[in-house]
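Working notes, beginning with the structure itself.
The values are calculated or read from the model by the stated rules, or taken from the named source; none is laboratory data. Model, not experiment: these values are computed from the prediction. Cβ atoms come from the backbone with ideal geometry, glycine included; neighbour counts cover every protein chain shown.
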Amino acid sequence: MERGVRNLPNKKQEEYIKNISENILPIDYYSSRKIWESSCWDKIVKSETLLRLLITPHERHDFIMRAAVLQGLISGKSYRQIGKELWVSPQTISGIKKATEESIYKSYLERSKKKQKEEKDNSFLFQRHKTKKRAVRTKFGTTYVSF
């Protein structure tokens, strides 16, 4: 084989390349990134080959588990029953239940970050205004004196 010459794509690779080029348009064709992302997601979901190509086995497992949890919630099972059957945490079940109410899934980590940010913002309002002090070294040790 000559140096610098690459193997030509096989039939399966050609199929993937054709499928992507037909379904995923460049971002320049859309007025915003959000609209482009939404359009791409709709096309990927409709195309089984793209979905298989782009989703890892771990992501597929997570997706299936979330769907099974949702089915358990709809059928009226308790968190404990769902957790025992599927080996998922109460936080995951709660997140999926909240996703049905909010129409978007957010992981426990995403929800906790938002909650921490809100608490941090609120705590700033209730902090006492601290007076500035300077350190003064004495024979008894360092003491702090207001300016």
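Being surrounded by 10 or more Cβ atoms within 10 Å (Cβ to Cβ) and free of Cβ contacts under 8 Å to residues at least 12 places away in the same chain narrows it down to one of LYS98, LYS115, so name that one. Full working, then the answer.
Numbers: LYS98 fails: free of Cβ contacts under 8 Å to residues at least 12 places away in the same chain.
Being surrounded by 10 or more Cβ atoms within 10 Å (Cβ to Cβ) and free of Cβ contacts under 8 Å to residues at least 12 places away in the same chain holds for just one of LYS98, LYS115, which is LYS115.
Among residues of the range 125-147 that are of a type in the set (Ser, Thr, Tyr), those with a Cβ under 6 angstrom from a residue that is assigned to a loop (DSSP other than H, G, I, E, B) and modelled with pLDDT of 70 or more, sequence gap 6+ or separate chain, pair up as SER146/THR131. Aromatic (Phe, Trp, Tyr) and either surrounded by 12 or more Cβ atoms within 10 Å (Cβ to Cβ) or assigned to a helix (DSSP H, G or I) (or both): is that true of TYR144 in this structure? So TYR144 fails the test. Filter the range 40-86 down to residues that are more than 27 Å from ASN19 (Cβ to Cβ) and surrounded by fewer than 10 Cβ atoms within 10 Å (Cβ to Cβ), then give me how many there are. Of the residues in that region, 3 qualify. If the condition is being in contact with a helix residue (DSSP H, G or I) (Cβ under 8 Å, 6 or more places away or on another chain) and not in a helix (DSSP H, G or I), then the range 78-97 contributes VAL88, SER89.
Of all residues in the range 44-59, those satisfying the criterion of being within 19 Å of LYS12 (Cβ to Cβ) and either in contact (Cβ under 8 Å) with a residue 40 or more places away in the chain or in a helix (DSSP H, G or I) (or both) are ILE44, GLU48, THR49, LEU50, LEU51, ARG52, LEU53, LEU54, PRO57. The residue list LYS43, LYS34 contains one member that is in contact with a helix residue (DSSP H, G or I) (Cβ under 6 Å, 6 or more places away or on another chain) and in the same structural domain as LYS18 (by TED's automatic domain parsing), which is LYS43.
Only residues in the range 9-38 that are within 15 Å of LEU50 (Cβ to Cβ) count as the first member; pair them with residues that are among the polar types (S, T, N, Q), Cβ under 8 angstrom, at least 6 apart or cross-chain, and list the lot. Every condition considered, the pairs that remain are GLU15/THR49; TYR16/THR49; ASN19/SER47; ASN19/THR49; ASN23/SER47; LEU25/SER39.
Go through the range 24-40 and count every residue that is more than 23 Å from GLN13 (Cβ to Cβ) and not polar (S, T, N, Q). Residues meeting the conditions: 9.
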